Amino acid sequence: MNFDDILFGRRIRQNHALEHATITILSGMIPDLSVSARSSSEGFIIFGNVDLGLLRRALDEALSRLKAGEAELAIHPNCGTNLAVGVTLVTVGTLLGLASSHTRTRVATAAASSIAGWAAARPLGEYIQKHFTTLPDLEGVRVTEIARRQFLGFTYIDVRTVQE
């Protein structure tokens with residue numbers, strides 16, 4: 001693991017943006033696509049079995065469109081960032097509600113706070129993606145390798161990138 005992977009450095013944010021754009025475009029090519037992915041400073045991994053030719057086409061289009069300024073492709077509604085933000089907001093809301101000094105209304109306050117956290121999760125998660133966990137500026141980024149691999153019977157695809 002690279003230190004850059006821990007603190008959302010430039011390369012991991014770029015790869016995260018490319019991952020999102022690639023999955024979005026690939027979903028348009030394969031309507032019932034069911035994959036997940038994880039980015040690192042060296043590229044990203046797609047967990048699932050995808051045709052490498054289609055993946056290459058989606059990657060090339062994603063790179064091209066992000067470089068052309070379609071920054072919205074870097075934000076994905078099913079990103080783990082949204083889930084993490086949601087869980088955090090619901091947990092904090094519940095704990096604050098239960099810590100209320102009004103004994104009779106603790107459960108109602110906790111429920112209302114949890115619902116408010118859940119409602120704010122997606123817009124706040126997308127804000128965090130846009131400003132902290134993705135970077136659609138991919139000038140000089142290129143894909144160096146796409147490889148299908150197996151580990152303990154699971155198929156994944158390793159996509160490697162470099163910044164020139």
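Within segment 63-107, the set of residues being part of a loop (DSSP other than H, G, I, E, B) and surrounded by 18 or more Cβ atoms within 10 Å (Cβ to Cβ) comprises Ile75, His76, Cys79. Considering the conditions (1) surrounded by 14 or more Cβ atoms within 10 Å (Cβ to Cβ); (2) under 23 Å from Thr91 (Cα atoms); (3) in contact (Cβ under 8 Å) with a residue 24 or more places away in the chain, Ile146 is excluded by exactly one of them, (2).
Of all residues in segment 126-143, at least one satisfies being at pLDDT 90 or above, among the hydrophobic types (A, V, I, L, M, F, W, C), surrounded by 17 or more Cβ atoms within 10 Å (Cβ to Cβ) and in contact with a strand residue (DSSP E or B) (Cβ under 7 Å, 6 or more places away or on another chain). The set of residues in segment 40-49 being under 12 Å from Ile23 (Cα atoms) and crowded, with 20+ Cβ neighbours inside 10 Å consists of Phe44, Ile46. On inspection, Ser41 qualifies as of a type outside the set (Phe, Trp, Tyr) and more than 25 Å from Trp118 (Cα to Cα). Apart from one condition, Ala37 fits all of (1) in a helix (DSSP H, G or I); (2) free of Cβ contacts under 8 Å to residues at least 24 places away in the same chain; (3) of a type outside the set (D, E, K, R); the exception is (1).
The values are calculated or read from the model by the stated rules, or taken from the named source; none is laboratory data. What you see is a predicted model, and the numbers here were worked out from it, not measured in a lab. Positions of Cβ are backbone-derived with ideal geometry, glycine not excepted, and every protein chain shown enters the neighbour counts.
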